[in-house]
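The values are calculated or read from the model by the stated rules, or taken from the named source; none is laboratory data. Remember, predicted model here, so these are calculated numbers, not experimental data. Note that we place each Cβ from the backbone using ideal geometry, even for glycine, and neighbour counts take in every protein chain shown.
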Amino acid sequence: MTKGSRGYYTAVLGVMILLLLFGAYFSLTQGSMDMTVKEVITTLLRLDVQPDRDLVIFEFRLPRIVIAVLVGAGLGIAGAVLQGITRNGLADPGILGINAGAGAAMVIFLFFYQGEIKGTGWGAIMAMPMFGLIGGLLSAALIFVFAWKRGSLEPERLLLSGIAVASGLGALTIYFTLKMDAKDFEMAAVWTAGSIYNANWKYIVSMLPWLLILIPVIYSKSRLLDLLGLKDESTRSLGVAADKQRTLLLLCSVGIVSACVSVSGGIGFIGLMSPHIASRLVGRRHSRLLPACGLIGGLLVMISDYIGRTLFSPVELPAGMVVAILGGPYFIYLMYRNRRQA
Amino acid sequence: MAVILMVGVLSACGSKGEVKDSAGGTKANSTAVTTSAGESKSSGSAESGEMRTITYLDKTYTVPAKAQRIVITGSIESMEDALVLDVTPTGAITVGGKFPSLFTKITEGTVGIGEKTQPDLEGILKLKPDVILASTKFPAETLEKFAKISTTIPVSHISSDWEKNLNLLAELTGKQAQAKQLLEKYKSDLAEVRKTLNPVFKDKKVLAIRIRKGSICIYPQNVFFNPSIYEELGASVPDEVAAAKAQQLISLEKFSEINPDYVFIQFSEDENKETPKAFEELQNNPIWKSVNAVKNGHVYTNLVDPLTQGGTAYSKFAFLEALKNSTLMQAK
């Protein structure tokens, strides 16, 4: 089977799905609560209903797995889109300033409303993600404004203004953090470190529509993404309204990333790593790259969360931290390789 | 399920504290959880659980008549209360993977259920707690998960609730008498210390600071050890403290501008990991040395364990005790 053939691609995807199922299996069966595989299965299939086991499986473990896969897939795909339209292999959703914007919004929210929202209803539970979402979208809008030049969106300007806005918002976050009592802040710190500890079905319901609508839109444009990788002149000569399409794709990524970040906090590096791993496995064609990115992203976050949850149990590490520990060296390796090639 | 609800709503102040033990006094696993949203869930199997309700901060919770298996999560405040009342929790918060030495006395046989911010839910569930003492700092979604495990009481992290927090634990564990006695002792001690210190502090600037990440932090009037110093001992509140709405970093220059006459410093290396020498450096700084309190030797460092947060019964008791034994009491 040669690399690039249809069979090879199918095989790669198959292996990834298998790995994903494997990971899910481990995440479901391992944890502080000792449960045998049989108990997990009988609980899942509702053959033997016990409240404690139900709680562990359906409330504690399953939502985390689902959120991990969704967030990972979203970030992976958004990463591929961003690297495609900026033609820069080092772009990642972080440069859209969404993580920073959501983080800043969250901290500001805590600063003004800490303790004022009580109860455990929908409103209270969705308050944080809502603020995260709004903050993410606002900061992305800000970057768009800065990156817009004479009616066109230049990739370089986008990258630069993204970095600038992200660091500006980062400073704002630190400012508010210092103004706050450390005690009020410590729970928000979990979120900013990128944790899916608080995963629950409400979060899943709230983020799912974004992914279900936007990912197909992006996938339908995979051919276009291939073309946008060419020089602007060539793209135009092929009759592609480069700016319009680029903006549309960007907006889709913004939506996906905002939805992901709002429930999981700033999990970095996934959007950077997944496209690189995926392109080595299935090549650069986006119709293949995108699904692979989604699967790899999901796999990475799920494994990271599993490691973070079980490695030092009962002490938990945020998944984002595990990803960063794995991702940091990978990032350096990427830059090193880029330098050698240059 | 033979769950009998004793709908004798005991007041949170614990004035009325007779708790009838269930027939065998066996541990009760059954819980009828009433979350604030009003949804009702029950988990665990009932052995012989006599239930009662208690009220804390205007909310009513249903707990076993004698809560034996208490899990403390997220609330260092409750850990300190447990220390005061000598209650050994079934599960408790670890710091850096182990129980802080401060809590050695009450953590024998206690199971660690993870750090303050991301407690191990399954670990808590495994302990089959009668009641979970969580923190009001937890986001709603985390509290919701706790509530699915067992009755969850979010313990206030606001220091003015310290008496209520202590009484809550006393009520849960049937130690009201002890709590009452301790509070009375505190109040009489306080009156005594105040008698000596009020004239000392009069017209002087007294400041409590914490060194965090190498910087000087001051706190609002009702946070940290400030209530003890200002409200209870009658020192006048410096403008900067009155103006602070939350933890506030101040520069050394600002600190010397405030020029306090008495300084209480809490410094923990845990909070200054990157700058463990910060305090030493500060002490050698000429600006620091120019401050009245330093010149006159009125700097009191870590009178109580720097892990204590101030504003809990334990912190207050310890702070007062330390004051009683400090040179301040001999001073004129």
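If the condition is being at pLDDT 90 or above and surrounded by fewer than 24 Cβ atoms within 10 Å (Cβ to Cβ), then segment A:296-321 contributes A:ILE303, A:TYR306, A:ILE307.
Could you pull out the residue among A:THR42, A:THR86 that is of a type in the set (S, T, N, Q) and touching an Asp or Glu at 6+ places or on another chain (Cβ under 6 Å)?
A:THR42
Does B:LEU282 satisfy being touching a residue at least 40 places away in the same chain (Cβ under 8 Å) and either within 21 Å of B:SER78 (Cβ to Cβ) or among the basic types (Lys, Arg) (or both)? Answer is no for this residue.
Those helices (runs of 4 or more DSSP H) of segment A:255-342 in which at least 3 residues are among the basic types (Lys, Arg) and free of Cβ contacts under 8 Å to residues at least 12 places away in the same chain, considering only elements entirely within it, cover A:319-341.
From the set of residues in segment A:188-200 that are at the interface with chain B (Cβ under 10 Å from one of its Cβ atoms) and part of a helix (DSSP H, G or I), which is modelled with the lowest pLDDT?
Of the residues in segment A:188-200, the ones at the interface with chain B (Cβ under 10 Å from one of its Cβ atoms) are A:188-191, A:193, A:195, A:197-200.
This time we only want the ones that are part of a helix (DSSP H, G or I), so: A:188-191.
Numbers: A:ALA188: 67, A:ALA189: 71, A:VAL190: 73, A:TRP191: 73.
It comes out as A:ALA188.
Screening B:GLY97 on (1) within 16 Å of A:SER313 (Cβ to Cβ); (2) buried (at least 21 other Cβ atoms within 10 Å of the Cβ) shows it passes everything except condition (2).
Of all the residues that make up segment A:132-166, how many are hydrophobic (A, V, I, L, M, F, W, C) and without any contact (Cβ under 8 Å) to a residue 40 or more places away in the chain?
9
The set of residues from segment B:198-209 being in contact with a strand residue (DSSP E or B) (Cβ under 9 Å, 6 or more places away or on another chain) and modelled with pLDDT under 90 comprises B:VAL200, B:PHE201, B:LYS204. Among the conditions (1) modelled with pLDDT of 90 or more; (2) farther than 16 Å from A:SER152 by Cα; (3) crowded, with 16+ Cβ neighbours inside 10 Å; (4) not β-branched (Val, Ile, Thr), A:LEU249 misses just one, which is (2). May I ask you to verify whether B:GLU171 is surrounded by 17 or more Cβ atoms within 10 Å (Cβ to Cβ), away from every other protein chain (no Cβ under 14 Å) and either farther than 19 Å from B:SER315 by Cβ or more than 18 Å from the chain's Cα centre (by Cα) (or both)? Yes; evaluated as a whole, the condition is true for this residue. Per this entry, B:GLU108 is not counted among residues that are within 19 Å of the chain's Cα centre (by Cα) and not aliphatic (A, V, I, L, M).
Criterion first (more than 14 Å from chain B (Cβ to nearest Cβ), under 10 Å from the mean Cα position of the chain (by Cα), closer than 30 Å to A:ALA141 by Cα and among the small types (Gly, Ala, Ser)) does A:ALA78 satisfy it? Judged against the criteria, A:ALA78 is a match.
Check segment A:81-94 and report whether any residue there is part of a helix (DSSP H, G or I), over 24 Å from B:PHE138 (Cβ atoms), touching a His at 6+ places or on another chain (Cβ under 7 Å) and not basic (Lys, Arg). Scanning segment A:81-94, I find at least one residue that is part of a helix (DSSP H, G or I), over 24 Å from B:PHE138 (Cβ atoms), touching a His at 6+ places or on another chain (Cβ under 7 Å) and not basic (Lys, Arg), so the answer is yes. Close Cβ contacts (under 6 Å, 6 or more residues apart or on different chains) running from residues in segment B:252-269 that are touching a residue at least 40 places away in the same chain (Cβ under 8 Å) to residues that are aromatic (Phe, Trp, Tyr) and assigned to a helix (DSSP H, G or I) comprise B:PHE267/B:PHE279.
Among the residues of segment A:27-53, the ones that are in contact with a helix residue (DSSP H, G or I) (Cβ under 6 Å, 6 or more places away or on another chain), hydrophobic (A, V, I, L, M, F, W, C) and within 13 Å of chain B (Cβ to nearest Cβ) come to 3 in all. Summed over segment A:221-242, residues that are part of a helix (DSSP H, G or I) and surrounded by fewer than 16 Cβ atoms within 10 Å (Cβ to Cβ) total 6. Only residues that are among the polar types (S, T, N, Q) and more than 10 Å from chain A (Cβ to nearest Cβ) were counted across segment B:117-158, and they come to 2. Counting only residues that are modelled with pLDDT of 90 or more, among the small types (Gly, Ala, Ser) and part of a helix (DSSP H, G or I), segment B:47-102 holds 2 of them.
How about segment B:241-295: which of its residues are assigned to a helix (DSSP H, G or I) and under 17 Å from B:PHE224 (Cα atoms)? Please lay out each step first, then the result.
As a first pass, look at segment B:241-295 and keep what is assigned to a helix (DSSP H, G or I): B:241-243, B:252-258, B:269-272, B:278-284, B:286-289, B:292-295.
Listed by number, the residues that qualify are B:VAL241, B:ALA242, B:ALA243, B:GLU271.
Evaluation of A:ALA189 against the conditions (1) out of contact with any Asp or Glu (no Cβ under 9 Å at 6 or more places or on another chain); (2) aliphatic (A, V, I, L, M); (3) more than 30 Å from B:GLN309 (Cα to Cα) shows that the sole unmet condition is (3). If you filter segment B:214-225 down to residues that are within 12 Å of another protein chain (Cβ to nearest Cβ) and not aliphatic (A, V, I, L, M), you find that the one that is nearest to the chain's Cα centre (by Cα) is B:PHE224.
Can we say A:VAL56 is within 14 Å of chain B (Cβ to nearest Cβ), of a type in the set (Val, Ile, Thr) and in contact with a Gly (Cβ under 8 Å, 6 or more places away or on another chain)? Criteria met by A:VAL56.
Going residue by residue through segment B:193-212, is there one that turns out to be part of a strand (DSSP E or B) and within 10 Å of another protein chain (Cβ to nearest Cβ)?
Looking through segment B:193-212, at least one residue is part of a strand (DSSP E or B) and within 10 Å of another protein chain (Cβ to nearest Cβ).
Can you tell me which residues in segment A:14-64 are assigned to a helix (DSSP H, G or I) and among the hydroxyl-bearing types (Ser, Thr, Tyr)? Hits for segment A:14-64 are A:TYR25, A:SER27, A:THR29, A:THR42, A:THR43. Within segment B:180-213, the residues that satisfy the criterion of being under 19 Å from the mean Cα position of the chain (by Cα) and over 30 Å from A:ILE174 (Cα atoms) are B:LYS180, B:GLN181, B:LEU182, B:LEU183, B:GLU184, B:LYS185, B:TYR186, B:LYS187, B:LEU190.
I need the full set of residues from segment B:191-224 which are under 19 Å from B:GLU163 (Cα atoms), crowded, with 18+ Cβ neighbours inside 10 Å and touching a helix residue (DSSP H, G or I) at 6+ places or on another chain (Cβ under 7 Å), in order please. Quick ask: steps written out before the conclusion?
The initial filter retains those residues of segment B:191-224 that are under 19 Å from B:GLU163 (Cα atoms), namely B:191, B:221-224.
Now drop any that are not crowded, with 18+ Cβ neighbours inside 10 Å, which leaves B:223-224.
The one that is under 19 Å from B:GLU163 (Cα atoms), crowded, with 18+ Cβ neighbours inside 10 Å and touching a helix residue (DSSP H, G or I) at 6+ places or on another chain (Cβ under 7 Å): B:VAL223.
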